[in-house]
Ligand code: FPP
């Protein structure tokens, strides 16, 4: 059964008031998925796009506000050149093909990361898609591209230091909300839940600041095989968590 044909409405065992507002995903395992089938790695990425499209539709159907996907890290430039070139072309092609559906579904797309070193044609397509969808009021879809959390934090530090140097703000004005506003994700609520596929238990330089109190869910499923049923399981697991944000529950007092 195709993922799009099943679980269209919120499954009855999920509590609507406890649906996470923001889910982030580390889409790991595309290469292994392809290798297992004797296919080139790039076909794993191609299939990964279908999974991501289905997940975005699902998040929209189930009432989430934000989906953030880790599409390309600052470290991914170290991959073989043909794979990097394939990914850049893939991002561009996906943006071109999917803009119509994003407009129909009222999706607001935003790219987070240092976009300045991406190929010019991709930068143009990104700017166009972000501009076209900027007034949409449906789900926000963040695509982390050439994203690295340490670099993001350094970038924010430099921007704030410059403002102090120019006398625009005082050192005492620097607080969490000012700092957050200088991150690539400025203005976006922090993720409630981060899902990582393929079994690895690490953040891999993704949303280090933003995930301070985010919940994590790791599945051994490879990204191209991740579907609504798996997402359903992740949300069931999330809804059982006791989110204390460093405090104690009233009942424990
Ligand atoms: C990690 O799997 C996956 C990536 C580095 C690329 C993910 C990108 C997409 C699915 C395309 C998204 C497109 C848009 C426009 C949002 P891996 O290659 O590290 O897998 P492995 O660990 O099995 O080698």
Quick shape check on the stretch 145-253: root eigenvalues a ≥ b ≥ c of the Cα gyration tensor, a/c under 1.5 is rounded, otherwise prolate if a/b tops b/c, else oblate, and it reads oblate
Long-range share for the stretch 1-102, i.e. C-alpha pairs more than 20 Å apart as a percent of all pairs, stands at 48
Expected sort for 31-41, 143-153, 12-22 on mean C-beta neighbours within 10 Å, highest first, is 143-153, 31-41, 12-22
Under the 7 Å Cα-to-Cβ spin-label approximation, residue 243 and residue 134 lie apart by a distance in nanometres of 3.0
Taking 0.36 nm per residue of separation between residue 209 and residue 251 and subtracting their Cα-Cα distance, the length gained on full extension comes to 12.2 nm
Mean Cβ-within-10 Å packing, highest first, puts peptides 180-187, 166-173, 52-59, 154-161 in the order 52-59, 180-187, 154-161, 166-173
Only helices counted: for the chain, with every DSSP H run of 4 or more residues adding -39500 (n - 2.57) and the sum spread over all residues, [θ] at 222 nm is -13000 deg cm²/dmol
In whole angstrom, the spacing between the Cα centers of the stretch 223-253 and the stretch 134-193 equals 26
Cα-only Rg/Rh for the chain with Kirkwood Rh rounds to 0.97
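Quick note: the coordinates plus some simple rules give every number you see, no bench work behind them. Values in this document were obtained by computation on a predicted structure and should not be read as measured data. So basically every Cβ, Gly included, is an ideal-geometry build from the backbone, and we count neighbours across all protein chains shown.
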